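The values are calculated or read from the model by the stated rules, or taken from the named source; none is laboratory data. What you see is a predicted model, and the numbers here were worked out from it, not measured in a lab. Cβ: placed from backbone, ideal geometry, glycine included. Neighbour counts: every protein chain shown.
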Amino acid sequence: MLVTANDKFFQKKQALAVLKHGILRRYLPIYATMTGSTSESGRVVYLDGYAGPGRYEPEEPGGVGAPGSPLLAVETAKRVQGWKRDLHCVFVERDPSYVGNLRAVLAEAAPEGMRYDVLPGDVKDRLGEALDLTGDRPLFAFLDPFGTALPYQDMVERLLGRGTALKTEVLLNFNLGSVWRIGGLLTGDEAEPNGENGRREAAISRVDAFLGGDWWRERFMAARRGEVVASRAAQEVGREFCQRIGNDAGCGSFTVPIRRHPNHEPLFLMILFFRHDAAPYQFNEAVSMANAEWRGLWRARDLDADLRADRERRGGQEDLFGNSLIMDYSEQEAQRAETLLENQWIEEVAENLRALTIQQVAIKIRENMSGIFGRTLGMARERHLRKAWDQLAEEDVLDARPKKGKMLWQTIYRRGR
Ligand SMILES: C[S@@+](CC[C@H](N)C(=O)[O-])C[C@H]1O[C@@H](n2cnc3c(N)ncnc32)[C@H](O)[C@@H]1O
């Protein structure tokens, strides 16, 4: 099914979407499986508040476009059926042409008996209905707007606050660009919007509503006065936003920067809001693997650019043997680069563990994710932690790692406690 809308965003699956979808595709099945184990009939609800048309436009005429978040949810629903989980998907979309496309895409892809609802309109207006459909079942909400998302009050009181005894997680794609562009109207770095009077005020008020007040204005302007670049100033606003939601809704957050290119400043922050203490560990696994996929994409793109430049130098002639040699070589290079990175992470995690064991005898893994992983959070994962732990056990710094049981539930003990 093709996307008919002419919006550039859906015309090609962008690098940004690879990481975003890589995380969603890996984490949603974990959430559904874990929370569905105690839910009646294994029922879990996925709410996609800004669903889009369901599928991207194909890269080539006649091809099949990459799946958007709704199709990834359908894939997840099919997968978790095997573990007796029933993922009920609720999609909200404001653009009528996307709604039509979404319905068609879902009719084609959803398996027999899969429960799903498409609610056309503004997510703020349809939230009550979505929550009624959810009842007291576990809920995973994905909020992926182009700009600002649900007003703060709705996020804190209706979504995250729907009951502390109920299982709820929200994955928000926080658009840094809209904060720094609209923040730029305050500092004078951005030109005043053309058009009717009041557009500037309306844009600023939208950010106020999303961030829960005008506190962010001074935070952004102070950062800019201190010569902090606009994207970093927006990240500071994002950090405080997480703290505020954490305090007001009583939940934790895990933030992943989303970049267009490895050397660029992030354009988005993917933020998971959670209550269960297993969430950061599981989410980190998903993020680490999605980041590895994303690095692979960049290597492939760089290689593609090199090969194209090479072909141009030879006047369009294919080099029958050379290219395959370059590919082989690059594959080896890629593996070498990954191994180097992974070794650095293991070193860093080992250093963090060493420092933690000076302060405490016992380190519960799931409660010490930041302390254990430090700067490698979102990059390193279980297998790197395992290696660091084994290394320190060999050095008699830590007790040996139990060979049974999930790492998530384990505690690391200082040797000779
Ligand atoms: C970034 S796109 C979503 C992409 C989709 N989540 C995916 O990964 O394939 C944002 C979508 O939200 C829709 N939208 C914008 N504001 C909305 C609102 N207030 N309520 C519901 N949908 C909205 C837009 O029409 C657009 O299709």
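Going through (1) farther than 25 Å from LEU166 by Cβ; (2) outside any helix (DSSP H, G or I); (3) at pLDDT 95 or above one by one, ARG219 falls short only on (2). Considering only the range 385-396, I want to know if a residue exists there that is within 26 Å of ALA290 (Cα to Cα), surrounded by fewer than 13 Cβ atoms within 10 Å (Cβ to Cβ) and touching a residue at least 40 places away in the same chain (Cβ under 8 Å). Checked the range 385-396: no residue is within 26 Å of ALA290 (Cα to Cα), surrounded by fewer than 13 Cβ atoms within 10 Å (Cβ to Cβ) and touching a residue at least 40 places away in the same chain (Cβ under 8 Å). Anything in the range 161-184 that is under 15 Å from VAL256 (Cα atoms) and β-branched (Val, Ile, Thr)? List them, or say none. The one that is under 15 Å from VAL256 (Cα atoms) and β-branched (Val, Ile, Thr): VAL170.
Evaluation of ARG85 against the conditions (1) among the basic types (Lys, Arg); (2) within 12 Å of the ligand (Cβ to nearest atom); (3) crowded, with 22+ Cβ neighbours inside 10 Å shows that the sole unmet condition is (2). State yes or no: is LEU160 in contact (Cβ under 8 Å) with a residue 40 or more places away in the chain, more than 16 Å from the ligand (Cβ to nearest atom) and among the hydrophobic types (A, V, I, L, M, F, W, C)? Taking the combined requirement at face value, the residue satisfies it.
For the range 61-81, give me each residue that is in contact with a Gly (Cβ under 9 Å, 6 or more places away or on another chain) and within 9 Å of the ligand (Cβ to nearest atom). Passing the criteria: PRO67, GLY68, SER69, PRO70, LEU71. Every listed requirement among (1) farther than 26 Å from GLY42 by Cα; (2) of a type outside the set (Asp, Glu); (3) more than 16 Å from the ligand (Cβ to nearest atom) is met by TYR98 save one, (3).
Taken together, ARG259, ARG232, ARG217, ARG244 contain a single residue that is among the basic types (Lys, Arg), in the same structural domain as THR148 (by TED's automatic domain parsing) and over 22 Å from the mean Cα position of the chain (by Cα), which is ARG217.
Per the listing GLU351, GLU347, GLU338, GLU342, the residue uniquely at pLDDT below 95 and either over 16 Å from ASP399 (Cβ atoms) or in the same structural domain as PRO280 (by TED's automatic domain parsing) (or both) is GLU338.
VAL45 falls short on exactly one of the conditions (1) at pLDDT below 90; (2) within 20 Å of VAL123 (Cβ to Cβ); (3) not hydroxyl-bearing (Ser, Thr, Tyr), and that condition is (1).
Which residue is nearest to the ligand (Cβ to nearest atom), if the candidates are limited to the range 113-148 and must be among the small types (Gly, Ala, Ser) and surrounded by fewer than 14 Cβ atoms within 10 Å (Cβ to Cβ)? Please lay out each step first, then the result.
In the first step, residues of the range 113-148 are kept if they are among the small types (Gly, Ala, Ser); the result is 113, 121, 128, 130, 135, 141, 147.
Add one more test, that the residue is surrounded by fewer than 14 Cβ atoms within 10 Å (Cβ to Cβ), and what stays is 113, 121, 128, 135.
On the way: GLY113: 24, GLY121: 7, GLY128: 14, GLY135: 22 Å.
Out of the qualifying residues, it is GLY121.
Here PRO58 fulfils each of the conditions (1) within 10 Å of the ligand (Cβ to nearest atom); (2) modelled with pLDDT under 95; (3) touching a Gly at 6+ places or on another chain (Cβ under 7 Å) apart from (1). Per the listing ALA230, ALA234, ALA249, ALA222, the residue uniquely surrounded by fewer than 15 Cβ atoms within 10 Å (Cβ to Cβ) and farther than 17 Å from MET369 by Cα is ALA222. Quick check on the range 26-39. Is at least one of its residues under 22 Å from LEU172 (Cβ atoms) and in contact with a Gly (Cβ under 8 Å, 6 or more places away or on another chain)? The answer is no; no qualifying residue exists. Quick check: anything in the range 54-71 part of a helix (DSSP H, G or I), buried (at least 19 other Cβ atoms within 10 Å of the Cβ) and not aliphatic (A, V, I, L, M)? There is at least one residue in the range 54-71 that is part of a helix (DSSP H, G or I), buried (at least 19 other Cβ atoms within 10 Å of the Cβ) and not aliphatic (A, V, I, L, M). Pairs are defined by a Cβ separation below 6 Å, a sequence spacing of at least 6 or placement on different chains, a first member in the range 38-67 that is on the phi > 0 side of the Ramachandran plot, and a second member that is among the charged types (D, E, K, R); the pairs so defined are SER41/ASP86; GLY42/LYS84; GLY42/ARG85; GLY42/ASP86.
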